[in-house]
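Remarks on the structure that follows.
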Amino acid sequence: MPKVLIIGYGSSLRGDDNIGCHVAQMLEQQYRDDPDVRVIGAHQLTPEMAEDVAGSEFVLFLDAAVGTDAGNIKQTTVTPRPGPLSFGHHMDPALLLAAAMDLYGSVPRAQLLTIVGAAFELGDGLSPVVVRQLPELFEQAHAIVESNRRSVAQLLRH
Amino acid sequence: MPTLTIDPVTRIEGHSKITIMMGDDGEVQDAHFHVTQFRGFEKFCEGRPFEEMPALMARICGICPVSHLITSAKACDMIMAVTIPETAEKLRRVMNLAQIVQSHALSFFHLSSPDFLLGFDSDPATRNIVGLLQRDPKMAREGIRMRQFGQQIIQWLGGKRVHPGWIVPGGVSEPLTVERRDQILATIPEAIAITLRTLTGFKGQIENFREEIRTFANFPTLFLGLAKPDGGLALYKGWVRVIDSTGETVADHLNPLDYQEFLGEAVEPWSYLKSTYYKPMGYPDGIYRVGPLARLNLAKRCGTPLADAELAEFRELERHTVLSSFYYHYARLIEMLFAVERIQSLLRETDILSKHVRAHASPNNPEGVGIMEAPRGTLIHHYRVNEDGLITHANMIIATGHNNLAMNRGVLQVARHFVRGEKIEEGMLNRVEAVIRAFDPCLSCSTHASGQMPLHLELRDRDGELLDEVWRG
């Protein structure tokens with residue numbers, strides 16, 4: 001099982017909402033020959049991903065965010081947190097980690113990297129603000145993966 | 001008039017909320033299930049080559065992309081004026097059945113079973129999949145297994161779990177291999193065993209929910225869905241049949257191509273989700289329901305042995321048709337069982353490995369209508385094209401829209417029974433949510449929005465002053 005899991009998620013028809021999948025695809029290219037890194041692009045987080053999450057040492061979630069400061073990139077540590085369900089079909093990273101822990105008895109370290117989108121209207125392109133920030137977002141995501149890959153390797157050596 | 005508002009705040013603004021209007025006597029007067037996300041998807045499609053539509057439509061939703069994919073491909077088949085190869089139709093059916101399993105599994109195991117196992121009055125912080133895991137880890141794992149069963153088949157057939165592109169206008173792009181067929185067949189016994197266990201468990205609990213059964217959108221309506229000559233459960237193709245609440249046929253052999261003659265779409269100022277109704281009875285008297293409950297009410301039999309035995313028991317619930325929307329959950333389990341059995345029988349047919357799986361043609365018709373049964377109900381895609389095959393008009397009637405009138409009336413019925421006074425009580429909120437959950441509405445599909453749906457509930461007096469407020473999520 002790959003040690004590092006990258007999950008980019010969002011609707012590919014809602015403009016900047018697709019940024020998570022977009023960066024996930026870029027990372028997939030980067031790591032396509034690396035057996036220790038697995039990349040998933042998804043419309044939304046769903047319960048069965050708990051198995052993939054539980055089998056990883058580190059998970060990077062990539063998502064869009066809503067806010068007034070379009071283009072702002074934010075990195076957050078994710079910890080397991082049970083939460084209520086509504087009548088929607090969505091899960092969030094913290095709930096997915098909680099499911100992984102309770103289902104499979106294992107929870108990886110996890111980070112959520114988000115960028116505030118500027119346009120979520122129907123369309124399959126990214127807004128200019130987000131496009132300008134794309135290299136920076138990719139670099140940050142790449143650095144997070146590299147850093148955690150090294151720490152996973154160190155842990156395994158010890 | 002005091003107003004009680006349950007208002008989801010979404011990552012993308014809009015989406016939906018529930019408003020309950022209280023009278024001066026403290027009794028509920030009216031209720032609305034609002035969907036406020038703008039629905040402009042049809043305009044977005046104009047100008048696209050028709051061949052692109054299935055792949056584009058599959059991106060509407062992460063839960064039921066296969067329904068949109070197949071329905072769109074069927075509309076395109078008609079534009080091309082082709083009859084697709086029999087094997088291609090069977091393979092499309094397999095993928096659709098796999099999607100019904102994974103979608104129903106999400107609805108039953110992950111969204112609704114916490115209500116059944118933990119109770120409608122339990123703490124919402126634990127009434128979720130994690131609470132379910134703690135209370136009944138075996139059931140939670142089996143729910144995951146059923147999701148994986150459906151998702152895995154979709155991935156094996158289509159190459160991707162979420163937005164597979166294998167289904168194309170004219171059929172499917174690749175034939176099935178022996179290895180893939182055998183891989184799928186090997187997963188069938190476990191899926192059947194899990195579904196039967198879950199059905200047994202659910203039936204054993206029904207007596208605990210008499211009040212919910214009585215009040216969860218339990219009223220006479222029409223039921224609408226696809227039908228076929230042998231009376232079997234029709235999911236992929238057929239004509240449209242409408243029955244009333246006593247099971248009498250109101251209309252039969254309706255041609256899906258004429259859907260605009262028998263289905264009306266009403267627009268209410270408080271929702272972007274259109275309310276469809278059966279036109280000959282007018283609006284809102286033409287209220288009807290679609291989806292698993294409607295399909296089982298419409299069908300004489302499922303067509304597979306285990307599901308038929310369960311359907312016979314289901315029929316014993318009420319004298320004629322089953323009216324309580326609480327039983328959507330029960331119907332989903334029977335459909336899951338049918339879907340698994342039917343996948344097995346389709347894969348055992350001798351021509352399932354045939355290499356002839358696609359018909360090719362240019363546009364030959366100026367328009368096409370695709371119709372089939374999605375997990376939540378009848379799904380219709382209607383396209384018109386110009387001489388170059390570019391889309392000039394698109395219309396989609398989504399299952400959640402068919403049920404919109406019934407969901408609104410269901411919220412009102414539950415609110416009248418459970419909402420009391422000026423305080424928001426957890427059990428009341430849970431049940432208002434749960435009646436909507438019974439229909440399993442897909443707001444991604446119906447409004448093409450996305451995002452989380454935490455809830456905001458407000459209780460206001462006649463002057464608009466806030467009396468009580470609850471945030472959830």
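List of remarks:
- Scanning the stretch B:386-399 for residues that are touching a helix residue (DSSP H, G or I) at 6+ places or on another chain (Cβ under 7 Å) and surrounded by 24 or more Cβ atoms within 10 Å (Cβ to Cβ) turns up B:MET396, B:ILE398.
- The residue of the stretch A:88-118 that is modelled with the lowest pLDDT, among those that are in a loop (DSSP other than H, G, I, E, B) and within 11 Å of chain B (Cβ to nearest Cβ), is A:GLY88.
- Matching helices (runs of 4 or more DSSP H) fully within the stretch B:69-138 where at least 3 residues are closer than 25 Å to B:LEU337 by Cα and free of Cβ contacts under 8 Å to residues at least 40 places away in the same chain: B:113-118, B:129-135
- Residue within the stretch B:419-426 that is buried (at least 21 other Cβ atoms within 10 Å of the Cβ) and on the phi < 0 side of the Ramachandran plot present: yes
Conditions tested, residue by residue: (1) within 14 Å of chain A (Cβ to nearest Cβ); (2) over 22 Å from the mean Cα position of the chain (by Cα); (3) surrounded by fewer than 23 Cβ atoms within 10 Å (Cβ to Cβ); (4) under 23 Å from B:ILE352 (Cα atoms).
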{"position": "B:ALA88", "(1), (2), (3), (4)": "no, yes, no, yes"}
{"position": "B:HIS110", "(1), (2), (3), (4)": "yes, no, no, no"}
{"position": "B:PHE120", "(1), (2), (3), (4)": "yes, yes, yes, no"}
{"position": "B:LEU133", "(1), (2), (3), (4)": "yes, yes, no, no"}
{"position": "B:LYS138", "(1), (2), (3), (4)": "yes, yes, yes, no"}
{"position": "B:ARG141", "(1), (2), (3), (4)": "yes, yes, yes, no"}
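- Of everything in the stretch A:62-73 that is in a strand (DSSP E or B) and away from chain B (no Cβ under 14 Å), the residue that is farthest from A:LEU113 (Cα to Cα) is A:ILE73.
- Within the stretch B:316-369, restricting attention to residues that are part of a helix (DSSP H, G or I) and of a type in the set (Val, Ile, Thr), the residue that is farthest from the chain's Cα centre (by Cα) is B:THR350.
- Check on A:PRO2, closer than 24 Å to B:GLY150 by Cα, modelled with pLDDT under 95 and away from every other protein chain (no Cβ under 14 Å): yes
- Any hit, the stretch B:329-345, residues being at pLDDT below 95 and either acidic (Asp, Glu) or under 22 Å from B:SER107 (Cα atoms) (or both): no
- Residue list for the stretch B:411-432, filter: under 13 Å from B:VAL28 (Cβ atoms) and in a helix (DSSP H, G or I): B:VAL411, B:LEU412, B:GLN413, B:VAL414, B:ALA415, B:ARG416, B:HIS417, B:PHE418, B:MET428, B:ARG431, B:VAL432
- Residue pairs meeting the criteria (Cβ under 7 Å; at least 6 apart or on separate chains; first more than 28 Å from B:VAL432 (Cβ to Cβ), in the stretch B:316-345; second of a type in the set (Asp, Glu)): B:LEU337/B:GLU310
- Qualifying residue in the stretch A:48-55 (condition: surrounded by fewer than 20 Cβ atoms within 10 Å (Cβ to Cβ), out of contact with any Gly (no Cβ under 8 Å at 6 or more places or on another chain) and modelled with pLDDT of 90 or more): yes
The values are calculated or read from the model by the stated rules, or taken from the named source; none is laboratory data. All of these numbers come straight from a predicted model, not from anything done at the bench. Because the Cβ atoms are built from the backbone with ideal geometry, glycine has one as well, and the counts that use them run over all protein chains shown.
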